[in-house]
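Below is one structure, written out as structure tokens; comments come after it.
Please treat every number below as a calculation from the coordinates, not as lab data. Worth saying up front: this structure is predicted, and the values here are computed from it rather than measured. Don't worry about glycine lacking a Cβ; one is built from the backbone with ideal geometry, like all the others, and counts go over all protein chains shown.
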Ligand SMILES: Cc1cc2nc3c(=O)[nH]c(=O)nc-3n(C[C@H](O)[C@H](O)[C@H](O)COP(=O)(O)O)c2cc1C
Ligand code: SF4
Ligand code: FES
């Protein structure tokens, strides 16, 4: 089993600098400083590493997009982790904060960045304290601050806590939030690489993405690129939750069939129930049917199957579930988390919730299902940011794949009135 | 009248150092968080004070503060312990709804309310990123995963 | 095609537009309308309402036309099936929780939501759930009503507050579906420019409380007119129904107002129906006061003046006009006094401004292309509010820097890159020092409150600028400092690497017009100096008087000494508005004849032997020249049976033998075009749309700086600076004004050093004393001026601050505990 991020994850006191260094921590810095920054970017490009925050954008490419010769530049680590089903960053931050710091140093060096922020969701107050301690240790040891390890490279990293808003995980909303504004997403273009934090070129990466970088620098791009499939390289932390025997974060080589993740790694279905559906990449991606369980867990295969890898949260539903309830719960979440800036998302999530709620409580009408699909169509790709599309995913996919569940509830209603 | 504690003042100094001088507005969320933690709520007075320090309008502070769910705007503080109960998908699949009801009954309040002795505030919360440990709840800054009625009893009873 | 242009296709039409144009605006240029809600040209893109979705070739998603810049060879389609479906969808979302109360909504008939729904919307709604229960109409301020139920969360209003007003007083509160427009802690939204949100709200969420339920919009007669409150002359629309004043709205003109008006424009017109209006002519010449037809009164006035002039010589009569009069009124009055009555005792002001500038007279819109704005002794925010918005715009959203040189701090300082505060009374010396420094000589700034270093930084800013606009308020400059300033302007004009121009920003409606029309003792219209007898004769005829006239303050003095026997005052209230106030009244009482031609009863009209009614703005037509030298037409709107001012003046002239017949106010305008240098191109047609800049008068003088000294204090009291306050409680904003909530208590600003010396603290009640005048005020210790000075904003007529001022504007005051 290839373990990159979770190699020593359960080692005692890994969160301390001493133990982290024992495991080879911070070794990559010297190697990196011996190279030109651009070489690091090339390495990351060659590794095939893609963003682990949700969109899966090639990491090295993103770094190379920074507006030329504009300084200062910023790095924002996205530690907002609020996609339902996802809790892998939390485990990394909790148990291995120094790995993130090391990754951030490498990224900053590669991109000539001198200030980094770790944007943690407000509920991660405990993690923030852990992170602060780790940062302190790193400063004390000269891994941060001025002239790091005599390289002439300076870097400061600060933590910044959010305050309860899922949308702040979206990168431009995150920047707004970090600038002391409402967490509404920004218009793109300009993209953050050109005008990000404080209107300066900015790299935004997920915690997990940055945590992979030390491995690439230490072991070389080829070694990383050898893991996984042709197009989906490396490993991915997958948060397996829901109706499985052993819900947990697993480090999965990309391309591993979903069946293996559910049945081998996570111990199979709880109570040995029947698998009904699974959401492979967090609440924002369409759900798939049990008969798709052999789909390889990688970006391309999941997309071909009609869903996405997303943030890598595999939510498993057994046969006891009626997906209308699942959709209702998720739409309720998106309604609650819609920033309200754009009309289709603000109004559409609430309207869908109203309809789903009626169906769920046995007051639905036959026409409601088509109406839902039409609302989905009116929202899809017409909202300001992807949150609106995310809200559509559970509804559209549950109707598409499990229309019977809706009909069952609607029939129950007809039965009641007859 | 609102005032930051001495401890908070020290924090503020550190916070302001994190951001470029020209962008001290970045300290808005951190200052609101400090206030919320110090007072258990964010009063209009406090917002005025924060506005003054960051050179923004009080309306702006309220606009931002009211966007986020972790601030309790107004004059009523939350209880000594705030219980955030995750009700999102992974927890739901594992029975959080019943546990939330159980907790509300035990505390003898509705979800969203604070107990009469001002000890507990119970809130329904969206996903808290502990999905593999659901059902879960967060009591102040502590995560409690894989909770059961018995665990809830034990946790709540242990809180003074 | 130029480099900075882009050619694209929209609905099969090929268009070339400047780079950076938004697709929505590009479409507009060829008459293709893309529906919008949140987009507003002046606010820029936000992209939140999603109404403007269009199809763009090669892009998989529909795009928002309001956020997308045009691109070369872009192919845009605005009417495809996909687009139409999306538009219907967005409208359906928009209307989900919008009440369908159009029949009782004040926006009905001019509502973008209504219009878009009609054109692009779904036939009916599928929404069968309870609509959101938002608050129905509630006051957002004493003058604005907010109907949250109707709000579609387009954020125009809140962005206006952020981007245009820049004080973030109106904000979005809460999140998502609970989003709502609001203020801090439900306090009223009562900024200086709050009313514009009414005009830009695309639904009936923000309405004018004054207009609520008064009339349907389609029943209004709208008159395109100008605001008459200050020298900006913002364009506005006066809504009238059955000859009743209904409301005022903005009417964008980028050369003047950039699309906005201030709240004084919107709600400061209650005087149109004030109970203090002078509706009839009256006379006391034959004993007790009695009313008489206006025509008779005009004849009586003219004859009486003529008689006195004949008996005591033309020097015994005088005219004090008003910077609030129209060009036609001012022109006719000076003509009457010069040609029929033979005197140059003609003036309109108590400060020392002269016509002409040594550098170009800039139009207000020139600010937009400047990289430096230098504000001297001016407080745009209080004096010329719309200028405040324009300056903030270029400084925060454009590339301009702002430098401020003033004796008092103003809200502009917040936006300034350099802000220099000189001592009250030291203006002339500071200007001289700067002029000398620019000329490469030594600039002395000792005892002025600013340092040589500061002066150098200002000079550096000037020298590194490519284009500078200088805005100065002549009315705030005392003694000879205006002359020195003009010398400074000519020195600045010599910086060869820079283009520059000035805006003489006296706060009065038509201060520039009054100078241009020659309502001055020493200049004929168009800035022709009395000294140039040939020019005068050529322009105004052989019989034009050439003897130097008296200035307004000199006339008062001579009235006091008995040498001036008769005075006609048009639309002015010297008793309150001239330095010395009470002394003015005493002097006026000594006149044999005081004629007042005014709109509202004033302290001065109370003293008059003959009173003539003036209809004023809202009623009479006329042109005015704004601070940028732009001549525009101020149309009336309300009808009245009284003759307009220009006609009354012409009646007087006729009584004295003038033959000219004027049919409309434009007949006078035509004569101005013929007679007044610089106004040759002005005509009804040429000024119709956007107005037209007149050519500025030639610059005549400017004092050499060596003679400039700071004005010595007359005693060792504190030097007084009288400041302006936009919403002063005067005859125009009287006690019944709907802006009464903006009235302020009398406050005197002290430097903390002086406060300490005087043992005063914030909030202390004091009296400010000069001679036998006393003004009550509350102490505010602030950095508003340097030590040794006090700033006292003029907040009402009753407060009587002008009583404290000396004849040359400056004076020393004492402060005593009340
Ligand atoms: C509504 C929404 C929520 C998101 N939440 C998160 C999040 O919690 N954490 C995260 O890393 N990325 C999140 N993203 C993705 C970010 O916008 C961004 O793509 C990511 O941080 C980039 O980092 P990566 O390239 O390393 O994945 C979210 C995106 C959207 C649209
Ligand atoms: S009040 Fe009007 S302008 Fe303001 S957000 Fe609502 S609809 Fe838009
Ligand atoms: S007008 Fe384009 S999104 Fe509102």
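When its C-alpha radius of gyration is set against 2.2 N^0.38 Å (N residues), region C:129-273 gives a value of 1.07. When the alpha carbon gyration tensor of region C:436-550 is reduced to an equivalent ellipsoid, its three semi-axes come out at 34, 16, 15 angstrom, largest first. Ordered from longest to shortest, the equivalent ellipsoid semi-axes for chain A are 39, 24, 18 Å, each the square root of 5 times a Cα gyration tensor eigenvalue.
Shape class of region C:371-520 from the alpha-carbon gyration tensor: rounded, with the ratio a/c of largest to smallest axis under 1.5.
For peptide C:439-445, what's the mean number of Cβ atoms from other chains within 10 Å of each residue's Cβ?
That average works out to 0.
Once the Cα atoms are used to define both axes, helix A:125-140 deviates from the longest principal axis of chain A by about 20 degrees. If you look at the Cα atoms of region C:489-554, you get an Rg and a Dmax of 15.4, 47 Å. Both radii come from the Cα set of region A:323-417: Rg as radius of gyration, Rh as Kirkwood radius; their ratio Rg/Rh reads 0.98. Relative contact order of chain C, taken over Cα pairs closer than 8 Å and 6 or more residues apart, is 13 percent. Within 10 Å of the Cβ of each residue in B:49-57, the mean number of Cβ atoms contributed by other protein chains is 2.
Which angle from 0 to 90°, rounded to the nearest 10, does the C-alpha axis of helix A:367-379 make with the longest principal axis of chain A? In chain A, helix A:367-379 runs at an angle near 30 degrees to the longest axis. Mean partner shielding of peptide B:82-93, defined as the number of other chain Cβ atoms within 10 Å of each residue Cβ, is 6. The convex hull defined by the C-alpha atoms of region B:81-159 has an orientation-averaged projected area of 4.4 nm². Dividing the C-alpha radius of gyration of region A:80-124 by 2.2 N^0.38 Å, with N its residue count, gives 1.29. Look at where the Cα atoms of region B:102-119 and of region A:336-364 average out, and the two centres are 28 Å apart. Taking only the C-alpha atoms of region B:6-67, Rg followed by Dmax gives 10.8, 30 Å. Once C-alpha pairs closer than 8 Å and six or more residues apart are averaged by separation and normalised to the residue number of region B:81-159, the relative contact order reads 39 percent. How large is Rg over Rh for region C:714-791, taking Rg from the Cα atoms and Rh as the Kirkwood inverse mean of 1/r across Cα pairs? Checking Rg against Rh, the ratio lands at 1.02.
What relative contact order, as a whole-number percentage, does region C:375-526 give when Cα pairs under 8 Å and 6 or more residues apart are counted?
Result for region C:375-526 is 22 percent.
With neighbours defined as other Cβ atoms within 10 Å of a residue's Cβ, the residues C:464, A:301, A:177, C:667 order from fewest to most as C:464, C:667, A:301, A:177. On a per residue basis, the convex hull of the C-alpha atoms belonging to the protein assembly as shown measures out at 205 Å³.
By the count of neighbouring beta-carbon atoms within 10 Å, fewest first, C:600, C:226 end up ordered C:600, C:226.
Extending 7 Å from Cα along the Cβ direction at residue C:761 and again at residue A:36 yields two label points whose distance is 6.8 nm. Stokes-Einstein diffusion for chain C, with the hydrodynamic radius set to the Kirkwood value over Cα pairs and evaluated at 20 °C in a medium of 1.002 mPa s, equals 75 µm²/s. With neighbour counts taken as other beta-carbon atoms within 10 Å, the residues B:1, C:63, C:236, C:517 rank, fewest first, as B:1, C:63, C:236, C:517. The alpha carbon centroids of region A:55-78 and region A:261-330 are separated by 32 Å.
Per residue of the protein assembly as shown, the DSSP helices (runs of n ≥ 4 H) give a summed -39500 (n - 2.57) that works out to -9500 deg cm²/dmol at 222 nm. Taken along its principal axes, the alpha carbon cloud of region A:221-279 reaches lengths of 42, 17, 17 Å, longest axis first. Alpha-carbon geometry of region A:17-225: the Rg and the Dmax are 15.6, 45 Å, given in that order. A straight line joining the Cα centroids of region C:164-237 and region A:170-245 runs 43 Å.
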